[in-house]
Amino acid sequence: MFALALRSLRKRPARCTATLLSAFLGAAIIMTFQSMHDTAGRPGVDRVSAESLSTAASVVGGYGTLLVFFAVASTLTVNVRQRRSEMELLRCSGATPAQIGRMVVGEAVVIALVGAVLAIGPAMLGGRALLGVFQDSGQVARSVDYSFGPVALMSGIGITVLAAAGAAFLAVRRATRRSVPRRGARRLLAYGALALGAVAVCSTFAFSARDAALMAPPAYGAILLSVGCALVSPKLLTTVLDRLPLPGASGWFAVRNLRRRAAELSAVLMPLILFTCVATATLYMQAVENDAIDASGLPKSVDAKNLETLNLVVVGIIVVFACVMLVNSLYAATTYRAGEFGRQRLAGATPGQVLAAVGVESVVLTVTGVFFGTLAGLAGILPFTLVRSDTPLPGRGPGIWLGVVAVAALVTVGTSLLTARHAVRAPAVEAVTLAA
Amino acid sequence: MFHRARRTNDPGPAAEALRLVKVGKSYGTGAGAVTALDGVTLGLARGTFTAVMGPSGSGKSTLLQCAAGLERPDSGIVRVDGAEMTGGGEAELTRFRRSRIGFVFQQYNLLPTLTVAQNTILPLKLAGRRVDRARVREVLTAVGLGDRLGHLPDQLSGGQRQRVAIARALVTEPRVIFADEPTGALDTRSARDVLVLLREAVRVHGRTVVMVTHDPVAASYADSVVFLADGRLAGELHAPTVDAVAERLAHLGDDVLLEV
Ligand SMILES: Nc1ncnc2c1ncn2[C@@H]1O[C@H](COP(=O)(O)OP(=O)(O)OP(=O)(O)O)[C@@H](O)[C@H]1O
Ligand SMILES: [Mg+2]
């Protein structure tokens, strides 16, 4: 089975690009920050420097692990779903579910290993730059030398490979299980995330305006809320769609398609909501923080500067990951639908009508994602602003939010339309036979 | 984008439902080029049921797709219900097809996300035409699926899916219905149902049906059989019987061998 996995990889290298990219990015981020542990562990590093380095490594390291798992899981789920017919064929030719599982997990492990090894070089450069930032801000002594050691290497490769293997195992189990998947576990997860998120957001009020950690509870709370929203959003979306009278044949089509594909939509909505929420929440909270410091008239402390840098790094990481996941899910979903587009055209749809339906679908998706993402983001921003500056709303206008929405809309609608346009280029009869 | 496809002053169906004049089509270029159709000229009267037969690779599917406007012929003229199919974009061809042509495929080609009823009214929706619910129910009842309106395609058997596809092809009241091996994936009994439906479309509703098949029994439901070999017409048989068709097919093989 492992040989089969390797052969299948060699035959279709393009198919695993997204998985490779998320493994690479994830490993690079983990190794960059974990190498701070290595650096802190060198002989002769003073206690203050060591502590700053370890804190950064632990905070972003934890984030990174979660993200790698999410991103690799999302790309692998899409990949496995695309190959359902191939796996069905294997099953019919006598492969046991365990054998198919070993093939997919084996493939994922190979991809993750390659991604992690490729990430070593960039991670070394990134780690050196990060140490430079800490030294410039005075958090770490100038005398500390950079080191890329066993902690960075082991955790980078280990976490990436483990995350890939686990995600592949779950994805293939979901795909090969014949029975209808249980809805209960998903709902439990959704309510759990929403409840935890609400608790985290509310706990903001337990902090004082000057607490250094004030930003953490609303930020984590908002992320948890957005995960919960992403889990319940397909169901809410179908309910709304039942009452949404979109005009024209393309609108009619789009609504029907979205309703049937609700389960697949969560693969698109998850990164979209996460992106909107994290970007909006973090950027506004940082803006509020900056305004509050300015208002106090004191010069920005080193700690505050450091927090800002870390915040922006985290936003950057999440935004890049969410974009990769979003583009991958949309691209895969739309390519996968080439046969469906062909069938629509054979039933009498012009290419323009097919594209219009895709456009309506992606606009509905964008609106849904932005709505829930903004809701979760606001749940974090409002308590933070209230505690930090005694007014509920940030003093900034909607500019940041509009920018975030523009990026979300551009990525969602752009990717869908470009891929769909490519898909309707082929003659309809050919598209149908190829996909069958 | 939703042009009204219904003709306002309908002059009624033309006497000749389909006319092909020297239609040629080849695939590929250079040494690897394949001539799929080699100057086919053919006329089919309104209200007839014609079967197209011939060896695999003889160009039957290509002929049907060119006649139905799903492929563009390299040369020649295609006229459906008196209107010539002209060049232009795919959108224009689609609008040409909508009111004149229905197509039934071996692989059904139903939309998996739409129910039986939604699949059936799809061509009307796309053409921006009014949907008469009673009429849709009537059409689906006629193909024996009046009680499955809300089912999804993957909840149906192959024969039932093909009957949905036929209902979908009938609902726009097209002049010509093309069917490419509509019974190719069905058992004898389901195949019979499908063939009876196609024959009824001709006898009862006055449609013109052109059907590709490999099965002499299926061909015997037609009024006449047109034989194709190497992209050229190779004879015709009126009022075909199963035995006559089988015999002609066997000899068709001989002719092709002799020519080589
Ligand atoms: N898209 C294509 N690209 C290249 N060659 C093609 C294409 N479609 C058909 N051909 C070639 O054109 C010829 C006629 O094909 P066609 O599909 O019309 O045959 P057919 O009579 O329908 O055969 P069958 O009974 O097997 O369905 C064949 O030689 C085939 O290889
Ligand atoms: Mg064929």
Report summary line: For A:Tyr191, the accessible surface traced by a 1.4 Å probe with all protein chains present amounts, in square angstrom to the nearest 10, to 130
**Report entry** Options A:Val105, A:His37, A:Ala175, ranked by Cα towards positive dipole end of segment A:1-179, top entry (Cβ charges)
**Finding:** A:Ala175
Requested in this report: Pairs of Cα atoms under 8 Å, at least six residues apart: use those to get the relative contact order of chain B, whole percent.
Outcome: 25
Report task. Using θ = phi - 60° and the Karplus relation 6.51 cos²θ - 1.76 cosθ + 1.60, list the HN-Hα couplings for segment B:46-52 in order, rounded to whole Hz, with x at every Gly or Pro. Result -> 5, x, 10, 10, 10, 9, 10
Query raised in the report: lysines near B:Lys25 by alpha-carbon distance under 29 Å, same-chain residues fewer than 8 away left out - which ones?
Result: B:Lys60
Query raised in the report: Near B:Glu84, within a Cβ-to-Cβ distance under 13 Å, what is the net charge of the other residues, with Lys and Arg +1 and Asp and Glu -1?
Result: 0
Report summary line: With Cα springs under 10 Å, the Gaussian network model of chain A assigns the largest mean-square fluctuation among A:Leu76, A:Leu283, A:Leu236 to A:Leu236
**Report entry** Summed residue charge, Cβ within 12 Å of B:Val245's Cβ, Lys/Arg positive, Asp/Glu negative
**Finding:** -3
Query raised in the report: Considering only DSSP beta bridges whose two residues both sit in the protein assembly as shown, what percent are antiparallel, to the nearest 5?
Result: 55
Query - B:Met211 long-range amide H proximity, modeled H, under 5 Å - result: B:Thr50, B:Ala51, B:Val52, B:Ala179
Query raised in the report: Taking +1 at the Cβ of each Lys and Arg and -1 at the Cβ of each Asp and Glu, which of B:Leu37, A:Leu130, B:Leu126 sits farthest along the dipole of the protein assembly as shown towards its positive end, judged by Cα position relative to the Cα centre?
Result: B:Leu126
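Just need the relative contact order of chain A here, percent rounded to a whole number, with Cα pairs under 8 Å and 6+ apart. Mind showing how you got there, number by number?
On the way: 589 pairs, mean separation 83.8, N = 436.
It rounds to 19 percent for chain A.
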Report task. Give the angle, between 0 and 90 degrees and rounded to the nearest 10, that separates the Cα long axis of helix A:248-260 from the longest principal axis of the Cα atoms of chain A. Result -> 70
Report task. For segment A:182-436, build the charge dipole from Cβ charges (+1 Lys, Arg; -1 Asp, Glu) around the Cα centre, then report which of A:Leu265, A:Val320, A:Ala200 sits farthest towards its positive end. Result -> A:Leu265
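Using +1 on the beta carbon of Lys and Arg, -1 on that of Asp and Glu, and nothing else charged, what's the dipole of chain A about the Cα centre, debye to 20?
Working: 38 positive and 20 negative charges, 451 e Å.
About 2160 debye.
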**Report entry** 3J(HN,Hα) from dihedral phi, segment A:111-119, Karplus parametrisation 6.51/-1.76/1.60, rounded to Hz, x for glycine, proline
**Finding:** 4, 5, 4, 4, x, 5, 5, 4, 7
Report task. On a C-alpha basis, how far is the centre of segment A:357-385 from the centre of segment B:76-110 in Å? Whole number, if you could? Result -> 43
Query raised in the report: Helix B:188-203 versus the longest principal axis of chain B: what is the Cα-based angle in degrees, 0 to 90, to the nearest 10?
Result: 80
Query raised in the report: Of all trypsin sites (Lys or Arg not before Pro) in segment B:70-172, which ones are in loop regions per DSSP and have a Cβ with at most 16 other Cβ atoms within 10 Å?
Result: B:Arg130
Query raised in the report: What does the average come to when, for each residue of peptide B:122-132, you count the partner chain Cβ atoms lying within 10 Å of its Cβ?
Result: 4
Report summary line: For A:Lys235, counting only aspartates and glutamates whose alpha-carbon sits under 17 Å away and dropping same-chain residues fewer than eight positions off, the answer is A:Glu264, A:Glu361
Query raised in the report: If one computes the Cα centroid of segment A:185-236 and of segment A:84-160, what distance in Å separates the two points?
Result: 28
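The values are calculated or read from the model by the stated rules, or taken from the named source; none is laboratory data. No experiment lies behind these values; they were computed from the predicted model shown. With ideal geometry, Cβ positions are generated from the backbone for all residues, glycine too; neighbour counts draw on all protein chains shown. To get the accessible areas, we keep the full protein, side chains included, count just its heavy atoms, and leave off ligands, DNA and RNA. Shrake-Rupley method; radii C 1.70, N 1.55, O 1.52, S 1.80 Å.
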